[in-house]
1. Stretch ASP402-ASN302 to full length: gain in nm at 0.36 nm per residue minus the Cα-Cα span?
2. Compare the peptides 264-275, 187-198 by average per-residue count of other Cβ atoms within 10 angstrom and give them in order, highest first.
3. Testing the spin-label approximation: label points 7 Å from Cα along Cα→Cβ at LYS163 and LEU182. State their distance in nm.
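Derivation of every value follows stated rules applied to the coordinates shown; laboratory data play no part. Here the structure is a predicted model, which is why all the values come from computation and not from measurement. Here the Cβ is made from the backbone with ideal geometry for all residues, glycine too, and neighbour counts use every protein chain on show.
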Amino acid sequence: MLDQLWQVIALVVVIAVIGVGLVVGLLRGRRGKAPSLPPTTRPSDQPGVGRPGVGSPDGGGVATKPGPPVTTSPAVEAPELPALAEPETPAYERPESARGRLARLRARLARSNSAIGKGLLALLSRGGLDEAAWEDVEDTLLTADLGVEATMELVESLKTKVKVEGTTDESVVRDWLREDLLRLVDPTMDRRVASSRVGDRPAVILVVGVNGTGKTTTVGKLARVLVAEDRDVVLGAADTFRAAAADQLATWGDRVGVPTIRSDREGADPAAVAFDAVKAAAEMEADVVLIDTAGRLHNKTNLMDELGKVKRVIEKRSPIDEVLLVLDATTGQNGLEQARVFADVVDVTGIVLTKLDGTAKGGIVVAVQRKLGVPVKLVGLGEGPDDLAPFDPAAFVDALLD
Ligand code: GDP
């Protein structure tokens, strides 16, 4: 009887020991796992991908990682700080390097602008240039939108050379033309886009222009150019009047892992969105923030007042390093008039000429630079995502004379 009792007690003790052992083992197992959790991935650790999610501590409501863009507005409550990022990295596109793009796209330029080059060469090398022939030369240049002043300069220079040298040999004439056109396009202008951090803050680029010129597309394409250069980019969708503009911009950003700061309300204050974008970029320690703005032309005064306000509000937070004016090269004189109106309100530092692939009016490059005294920095040569090229005067002139 006593033996049996001892056996029962021994069994109970063994079971208790095993039970306690299991519980302790389980608990240890759990704790032990924590360090082996995958480390938090920062999108910026991946090449060419935007910086990670830094929530705006005081309620900016900042988009934290590519994907559905998070809306923002100063009045909006702070969303919860983001959970750890997913360990898997979405497959972002790797945009093509901007280097040598104009050379790749040169054929598009040459096709549409051969009117200048071929027309001029044919005229100049046919010999016996009389006044009527020189008028044809002038007409060709004016048709290409070179502008009256530059046309006169070029014709005078060519006339002198023909008189002095007395040759109409095509290769000689081509060299003269190349030299004179290059001088007009001005290779000495600084065409770099301010896209590196300035001290301890991101560079701020404001992109302005009339709707339809290709402004939003250009912001998207420029983001790709900068991502290809391993810059951490943030986009600000301050065109709050066109319903689709913010979506359009966010889509461009998503493709290359760049966050878009936008408002959750259509018609929200564009200056507030621009401010939030600059603030978010600073918090994310981005290299550069690109701000798309509205460009409705039907009410020019309002548009300009609004743009002035966007500029002032941004400047409360950060200096603006670059104001890019987007002009549609196919609009000719209209584009020049737009340039003047914008330049009255913001200090334009560079021109982006879009749709140069669809026009024989490449001379607008010279005309607009002269009008504003600022360089053409980028040219749009198609609707493809990587069809935006840094402007290279020599490659441009060569393409005209192809
Ligand atoms: P926004 O209203 O100024 O923002 O203009 P969008 O960015 O929406 O562009 C208007 C249209 O112009 C779109 O269909 C673009 O694809 C087109 N576009 C923009 N840049 C170029 C370019 O360089 N070449 C061509 N062919 N089309 C362009």
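1. Working it through step by step, the gained length comes to 31.6 nm.
2. Those peptides, ordered most packed to least, come out 264-275, 187-198.
3. 2.5
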